[in-house]
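All remarks here apply to the structure that follows.
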């Protein structure tokens, strides 16, 4: 008579599972990748670049970052903490001031005819600017536009921008477009 | 004789460990599902900058990565201290980026290509010169949708 095969011990199963678990814990990353999302402009041949039509000076919000990571906003030294407010004021121009950008009437769904700003934010940096500073500046500029959109959608729809449906978001985006232009890298002067 | 007789003196029976593997397996499956494998081995040191206006990279399959930073200590003898670009598992030059983008594009199916995103993982102490060069190369190869990878800043 054949002997019964003894049962396979299951006590070590836990150890095996633990080993697998530890392997996965070590090799994986939990955090979701996130970052500032931007769109680059189309590539233009440098030869064709010369005849760019000039934008009126009051419509451009110039932000310069130098090699020592200092900020020059609209021709004067500025602190990064003030940048968001300045950019918001520039893009919104609530009192239609002379030195802030012009507006043009535009038909936007949900809003009817509204005055949309012609303002453009121009960001230029030095070769030796620190990437961290550059991202901080970008972040403030994006934050300014996001805050304006948020305020507008609260006012118009009574909801947060994120909770709006696609068409409503598009309408809000049309009023506050994300116009952050980065200057073509140029070689100016010696160093 | 009391009904609630004390069982004093008797030992507690040992806790059964038979369900331990099940518990561990549950944990294991949770981690397997919720995490992704590390894509590459870093050859450069990257400390991401901080930002608040973050958007998440939803579809990992559509993302290609470019790493920039100082080479790790064991590579510093050969590659020096200056910031370098890493594509896949090796160091690269600015001129290699166009080929890299094309290769990444070829690896995706036709309908996925317009939605591709390039994620720039750049150390915060890198100089902008190299980043600008990379951006120009990306523009040349029409990979316009980019994401500056950064950490969530904790507001004080």
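The set of residues in region A:143-176 being within 19 Å of residue A:86 (Cβ to Cβ), more than 15 Å from the chain's Cα centre (by Cα) and crowded, with 18+ Cβ neighbours inside 10 Å consists of A:152 alone.
Which of the residues belonging to region B:132-152 are part of a loop (DSSP other than H, G, I, E, B) and either crowded, with 18+ Cβ neighbours inside 10 Å or more than 8 Å from chain A (Cβ to nearest Cβ) (or both)? Spell out the reasoning first.
At the first step, the residues of region B:132-152 found to be part of a loop (DSSP other than H, G, I, E, B) are B:141-144, B:150.
Within region B:132-152, B:141, B:143, B:150 qualify.
Of the residues making up region A:102-125, those that are in a loop (DSSP other than H, G, I, E, B) and surrounded by fewer than 22 Cβ atoms within 10 Å (Cβ to Cβ) are A:102, A:109, A:110, A:111, A:118. Just checking, which of B:86, B:73 is over 20 Å from residue A:137 (Cα atoms), in contact (Cβ under 8 Å) with a residue 40 or more places away in the chain and away from chain A (no Cβ under 13 Å)? Checking each option against the conditions leaves just B:86. Against the numbered list (1) at the interface with chain B (Cβ under 10 Å from one of its Cβ atoms); (2) over 22 Å from the mean Cα position of the chain (by Cα); (3) modelled with pLDDT under 75, residue A:54 comes up short only at (1). Of all residues in region B:98-131, those that are assigned to a helix (DSSP H, G or I), without any contact (Cβ under 8 Å) to a residue 60 or more places away in the chain and under 24 Å from residue B:55 (Cα atoms) total 7.
For region B:39-63, give me the residue count where each residue is more than 12 Å from every other protein chain (Cβ to nearest Cβ) and without any contact (Cβ under 8 Å) to a residue 60 or more places away in the chain.
Total meeting the criteria: 2.
The values are calculated or read from the model by the stated rules, or taken from the named source; none is laboratory data. If you're wondering where the values come from, they're calculated on a predicted model, not measured in any experiment. Every residue, glycine among them, receives a Cβ derived from its backbone with ideal geometry; neighbour counts consider all protein chains shown.
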